[in-house]
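Take a look at the structure set out below.
Please treat every number below as a calculation from the coordinates, not as lab data. Keep in mind it's a predicted model, so treat the numbers as computed, not measured. Quick reminder, even Gly has a Cβ in these numbers, built from the backbone with ideal geometry, and neighbours come from all protein chains shown.
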Amino acid sequence: MSDDNELEEIRRRKMQELQKQAIDQQKQKEADDRFQEQKDTIMRKILAPEARQRLTNLKMVRPELVEAIEAQLINLVQAGQLSRLGIQLPMSDEQFKNLLAQLMGKEKKQEFKIKKI
């Protein structure tokens, strides 16, 4: 009889642990969703519709790069750097292309040399 009680207690603890994990995952998903909504709202203020479309297209090809670009754009706006560059918000597609070229130019490029053996 004691073994049954111990087994039941183990099952009960395991069920509580699984429920806590599910709740934690749900809270994390909600926090991630809120963060994404806030970022989307900020990007709508920063970029004109055509520029946002360009960013969306780029996200399909290089999502990790888009994350970095979005963070950098937000930082530039918060620091007032865009106004110093003469860029008015929302940024036009042409301005965004120019800024992307500048940002991408800063990205370290690897050079490959092929040697003949």
- Given +1 on the Cβ of Lys and Arg, -1 on the Cβ of Asp and Glu, and no further charges, what dipole in debye does segment 15-57 carry about its Cα centre, rounded to the nearest 20? 240
- Task: Please find, in a Gaussian network model of the chain (springs between Cα atoms separated by less than 10 Å), the residue of Met60, Met15, Met104 whose mean-square fluctuation is greatest.
- Result: Met15
- Task: Enumerate the amide H contacts of Met91 below 5 Å, restricted to partners 5 or more residues apart or on another chain; note that Pro and chain-start residues carry no placed amide H.
- Result: Leu47, Ala48
- Query: Per 5 Å bin from zero, what fraction in whole % of the C-alpha pairs of the chain is there, up to the bin with the longest pair?
  - Reply: 2, 9, 13, 16, 11, 8, 7, 6, 6, 6, 5, 4, 3, 2, 1, 0
- Item | GNM flexibility winner over the chain from Asp93, Asp32, Asp40 (Cα, springs under 10 Å) | Asp32
- Query: Reported to two decimal places, what Rg/Rh ratio describes segment 53-107 when computed on Cα atoms with Rh from the Kirkwood expression?
  - Reply: 0.94
- Highest GNM mean-square fluctuation, the chain, Cα pairs closer than 10 Å: which of Arg12, Arg84, Arg34? Arg12
- So, relative contact order of the chain in percent, Cα under 8 Å, 6 or more apart, is 28
- Query: Once the dipole of segment 2-90 is set up with Lys and Arg at +1 and Asp and Glu at -1 on Cβ about the Cα centre, which of Gln16, Pro49, Gln28 lies farthest towards its positive end?
  - Reply: Pro49
- Computed magnitude of the charge dipole of the chain (debye, nearest 20; Cβ of K, R +1, Cβ of D, E -1): 1000
